[in-house]
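Note sheet for the following structure.
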Amino acid sequence: MADAGTITDEGVARLRARIGIAEQNPQPPHYRCPDRDAFRHVAEAYGDDNPLWCDPSYGDGTRWQGTIAPPPLVGGDTLVGVDEVTEVAAADRELLRGDPLRGVHAYYSASAREWWAPLRPGRRVWRRNALVGVLDKPSEFAGRAVHEWTGQVFRDDDALLSAQLRLMVRTERRAAQARQRDEPGVIVEAYSDEAVTAIDDAYARERRRGADPRWWEDVEEGDELAPLVKGPLTVTDMICWHVGMGMGLYGVRPLRLGWQNRQRIPRFYQRDELNIPDVMQRVHWDPEFARRAGNPTTFDYGRMRETWLVHCCTDWMGDDAWLWKLDCEFRRFNYVGDTQWIRGRVTRKHQPAGRPAVDVELAAENQRGEVTTPGHATILLPSREHGPVRLPDPPDGATDLQAALDAISGRFQETT
């Protein structure tokens, strides 16, 4: 039997056999019926205090005539969505049992999302999930790697809401550790007082577009989005992230509930310096655990930077606009102590299906001048000539989650 943490041909084959089979999410939703408090907790987790997400006295006066959820909430690993699939078909149970790459480290490496309708407070959300792609390829970071793409689609009782393609890159731990030993690690330099002041000043300059419409006619290709600063990253930021976002796919829990979780997924737990079993998720706040995974020190979650790109878009576009699509890649780690500068530029002005829109090139760049997270977005803007934003249609005219999942899965297969 192969050692834990090793990618095998058998494991890859078993994983590929699961493509297209709808299955339950590994954990129940963090918010079963998200209300305005949930909207606020999620927005604050990524540093956004837009009243559109949580203040009814503000939202009632917007074109949405009420509070709507921040875009990152409508999707994501275990944030929202009660499973439509309540039981796996008998013929698929053995195939879907366990993780064929058990013990192999997983990095959230890329995401492609789109939103079709707003989520209102107090609505129950439903979801459907399926593996849509498995690519076996070498990795500069850790030898052999597997790119594992999952499709997720969401609805409430009235409308299809959103879709997400999520890429998890699975890497062999031992190869990653060997590379870390052989190459010098990233050093996060201490900040001077002047550097901290410059970051503080950047925070002070940030402004939301808010209620002032950003008209499509006023935007030109080449326009720059007002930059945001995120950092320097601290463990406190990670704690605040978990307050809003929950603990994610592995069902991390404290105390007796943590013991129960360890019985369920024992290989996810490693002994710390006191010989106490703890989750490998500790790589995000414990430098020693991070080094075991092949990194020089602790680092963020990829989803954090995804939400920061969303924040840059929503601050720039204003309350009357609609963030339709956003994709991004997590090409470098964002280590504790790093500062990310979030920037964007309008690259195209067009009217898909008669809807005034702009395409935006996005990037998160750290203080070392490295682009850690490139991305793109498509934003629908109000128009003096064409009127208010018309919400986009789900792909291929889908009216239910299975049809939406088939549509985005087919689109994914065409591009890969």
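The values are calculated or read from the model by the stated rules, or taken from the named source; none is laboratory data. All values reported here derive from a predicted model rather than from experimental measurement. Glycine also receives a Cβ, built like all others from the backbone with ideal geometry; neighbour counts cover every protein chain displayed. Keep in mind that these areas ignore ligands, DNA and RNA; they rest on the heavy atoms of the full protein, side chains included. Shrake-Rupley method; radii C 1.70, N 1.55, O 1.52, S 1.80 Å.
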message = Can you find a residue that is touching a strand residue (DSSP E or B) at 6+ places or on another chain (Cβ under 8 Å) and among the aromatic types (F, W, Y) anywhere in the stretch 251-261?
response = no
ask   = Do we find that A377 is aliphatic (A, V, I, L, M) and crowded, with 22+ Cβ neighbours inside 10 Å in this structure?
value = yes
query = Out of R355, R345, which single residue is open to solvent by less than 50 Å² (accessible area, probe 1.4 Å), of a type in the set (D, E, K, R) and more than 30 Å from L131 (Cα to Cα)?
reply = R355
query = What are the residues in the stretch 364-398 that are within 17 Å of A112 (Cβ to Cβ) and not polar (S, T, N, Q), if any?
reply = A364, P374, G375, H376, A377, I379, P392, P394, P395, D396, A398
Number of the condition not met by R291 [criteria: (1) at pLDDT below 95; (2) within 23 Å of Y335 (Cα to Cα); (3) in contact with a helix residue (DSSP H, G or I) (Cβ under 8 Å, 6 or more places away or on another chain); (4) open to solvent by less than 60 Å² (accessible area, probe 1.4 Å)] = (4)
remark   = Across the stretch 134-168, the tally of residues that are among the basic types (K, R) and closer than 18 Å to L73 by Cα stands at 2
request  = Answer with yes or no whether D319 is assigned to a loop (DSSP other than H, G, I, E, B), in contact with a strand residue (DSSP E or B) (Cβ under 9 Å, 6 or more places away or on another chain) and open to solvent by less than 10 Å² (accessible area, probe 1.4 Å).
outcome  = no
note = Of the residues in the stretch 294-305, those that are touching a helix residue (DSSP H, G or I) at 6+ places or on another chain (Cβ under 7 Å) and outside any loop (DSSP other than H, G, I, E, B) come to F299, M304
note = Checked against (1) in contact with an Asp or Glu (Cβ under 9 Å, 6 or more places away or on another chain); (2) open to solvent by less than 50 Å² (accessible area, probe 1.4 Å), C240 satisfies every condition except (2)
ask   = Restricting to the stretch 117-133, what's the tally of residues that are farther than 13 Å from G75 by Cβ and surrounded by 22 or more Cβ atoms within 10 Å (Cβ to Cβ)?
value = 1
key: Residues of the stretch 264-288 satisfying the condition of being surrounded by fewer than 17 Cβ atoms within 10 Å (Cβ to Cβ), of a type in the set (D, E, K, R) and assigned to a strand (DSSP E or B)   = R271
Close pairs (7 angstrom Cβ cut-off, 6 or more residues apart or separate chains): under 23 Å from T372 (Cα atoms) in the stretch 336-357, of a type in the set (K, R) anywhere = Q340/K230; Q340/R305; I342/K230
query = Of the residues that make up the stretch 323-332, is at least one farther than 23 Å from E221 by Cβ, at pLDDT below 95 and not basic (K, R)?
reply = yes
message = Can you find, within the stretch 135-148, the residue that is modelled with the highest pLDDT among those that are surrounded by fewer than 21 Cβ atoms within 10 Å (Cβ to Cβ) and in a strand (DSSP E or B)?
response = H147
ask   = Consider T236 against the criteria (1) within 30 Å of L52 (Cα to Cα); (2) in a loop (DSSP other than H, G, I, E, B); (3) among the polar types (S, T, N, Q): it satisfies all of them except one. Which criterion is unmet?
value = (2)
Any chance T347 is touching a Lys or Arg at 6+ places or on another chain (Cβ under 6 Å), assigned to a strand (DSSP E or B) and polar (S, T, N, Q) = no
